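Structure in structure tokens, see below.
The values are calculated or read from the model by the stated rules, or taken from the named source; none is laboratory data. Predicted, not measured: the structure shown is a model, and the values here were computed from it. Here the Cβ is made from the backbone with ideal geometry for all residues, glycine too, and neighbour counts use every protein chain on show.
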Amino acid sequence: MSKLPPNTFPLAGHNVNRMGYGAMQLAGPGVFGPPKDRNTAIAVLKEAVASGVNHIDTSDFYGPHITNQIIREALHPYPADLLLVTKLGATRGQDASWQPAQEPDQLRRGVEDNLHNLGVDVLDVVNLRIMGDIHHPSEGSIARQMNAMAEMQRQGLIRHIGLSNVTSAQVAEAQGIAKIVCVQNQYNLVERQDEKLVDELAAQGIAYVPFFPLGGFSPIQSDALSKLAAGLEATPMQVALAWLLHRSPNILLIPGTSSLTHLRENLRAAELQLPESALTALAALGKTSRAA
Ligand SMILES: NC(=O)c1ccc[n+]([C@@H]2O[C@H](COP(=O)([O-])OP(=O)(O)OC[C@H]3O[C@@H](n4cnc5c(N)ncnc54)[C@H](OP(=O)(O)O)[C@@H]3O)[C@@H](O)[C@H]2O)c1
């Protein structure tokens, strides 16, 4: 097993490796119910950590509860340098639907579920996930939810607060209530609507953690990307991850996979250097504004 090269960014008092891991794919199909192969899910987590991953993204609404329970089974007692980042703001219906859960009592229940299922007394980092337009942010005050988060931080249940699926104005509003250590929005090689926010956060030393870094449930497919990757003796997914690492030093990666083979492939992207000619070609693949 090869180890990740050192390439870190400060997040919540930890120097996290910029190549992390997202645990959402460890639940069953549609992020609901148990995985087909629990042993492999556990092996993926153990190998990620053994390879040098020290930043894992999760939520108690993955499964629900199941992903956190698998993390606990695989990794508890947790290594001191491992940063577990979870998120609040939704629950799951019996039909696997995603329901907003943004009321203060619902956020508190979310914290209690995370504490219980991860087996910890305090949560390292909790992202407040705004439900907006589901995968895209939409404007509107988030003060009510943020006040509830700040209150749980004062009570010692949460160490650090992050945000997910938010606009630049919402980040600024939240910063008036509590310190924000990271922002998790959708962003990847082809979905680049957050260009400005990435740079704004970089200027403030705040981590930007793209969700769907590989394109999400339907990983990115592009003939141009496949051709370019072949020329670099890499895979398209490795190029997509290497591009994100190159884009800005505050970008932290949490690619999700349920497969050991894909995990190994993704971790190797940390060693891939993209030449100028590749960066120029990749610039053309991005969509920087949202389709009407
Ligand atoms: N804040 C939010 O609202 C939000 C939303 C979504 C996700 N997230 C977080 O972000 C993390 C990453 O997002 P994601 O897992 O949804 O999407 P992703 O990382 O963009 O892509 C995951 C998909 O790509 C496949 N894949 C992974 N590595 C691959 C490879 N090397 N070759 C081919 N296919 C590969 C996975 O299937 P296999 O399992 O077969 O590898 C899975 O279908 C999640 O784990 C979660 O922690 C947050």
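Looking only at the range 246-272, which residues are under 18 Å from A283 (Cα atoms) and away from the ligand (no atom under 14 Å from the Cβ)?
H246, R247, S248, P249
Is it the case that the range 131-149 has a residue that's under 18 Å from E173 (Cα atoms), of a type in the set (D, E) and not in a helix (DSSP H, G or I)?
So far as the range 131-149 goes, yes, one or more of its residues are under 18 Å from E173 (Cα atoms), of a type in the set (D, E) and not in a helix (DSSP H, G or I).
Considering only the range 42-70, state which residues are of a type outside the set (V, I, T), more than 17 Å from L88 (Cβ to Cβ) and in a loop (DSSP other than H, G, I, E, B).
Of everything in the range 42-70, those that are of a type outside the set (V, I, T), more than 17 Å from L88 (Cβ to Cβ) and in a loop (DSSP other than H, G, I, E, B) turn out to be S51, G52, N54.
Just need a number here: residues in the range 20-41 that are hydrophobic (A, V, I, L, M, F, W, C) and either in a loop (DSSP other than H, G, I, E, B) or away from the ligand (no atom under 12 Å from the Cβ) (or both).
Of the residues in that region, 3 qualify.
Quick check, is N68 over 14 Å from G20 (Cβ atoms), touching a Leu at 6+ places or on another chain (Cβ under 7 Å) and at pLDDT 95 or above?
Judged against the criteria, N68 is a match.
Here's a follow-up. Here is a check on your reading of the model: is T91 free of Cβ contacts under 8 Å to residues at least 60 places away in the same chain, buried (at least 19 other Cβ atoms within 10 Å of the Cβ) and not in a helix (DSSP H, G or I)?
Taking the combined requirement at face value, the residue does not satisfy it.
Same structure again: Would you confirm whether or not the range 214-237 contains a residue that is in contact with a strand residue (DSSP E or B) (Cβ under 6 Å, 6 or more places away or on another chain), touching a residue at least 12 places away in the same chain (Cβ under 8 Å) and within 15 Å of the ligand (Cβ to nearest atom)?
The answer is no, given that none of the residues of the range 214-237 is in contact with a strand residue (DSSP E or B) (Cβ under 6 Å, 6 or more places away or on another chain), touching a residue at least 12 places away in the same chain (Cβ under 8 Å) and within 15 Å of the ligand (Cβ to nearest atom).
Identify, please: which residue in the range 235-292 is at pLDDT 95 or above and in a strand (DSSP E or B) and is, among those, nearest to D37 (Cα to Cα)?
Out of the qualifying residues, it is G256.
Taking the options V198, V209, V190, V181, name whichever one is in contact with a strand residue (DSSP E or B) (Cβ under 8 Å, 6 or more places away or on another chain), more than 15 Å from the ligand (Cβ to nearest atom) and either touching a residue at least 24 places away in the same chain (Cβ under 8 Å) or not β-branched (V, I, T) (or both).
On inspection, the qualifying residue turns out to be V198.
Can I ask one more? Which ones in the range 153-170 are of a type in the set (A, V, I, L, M) and crowded, with 21+ Cβ neighbours inside 10 Å?
Passing the criteria: I158, I161, L163, V166.
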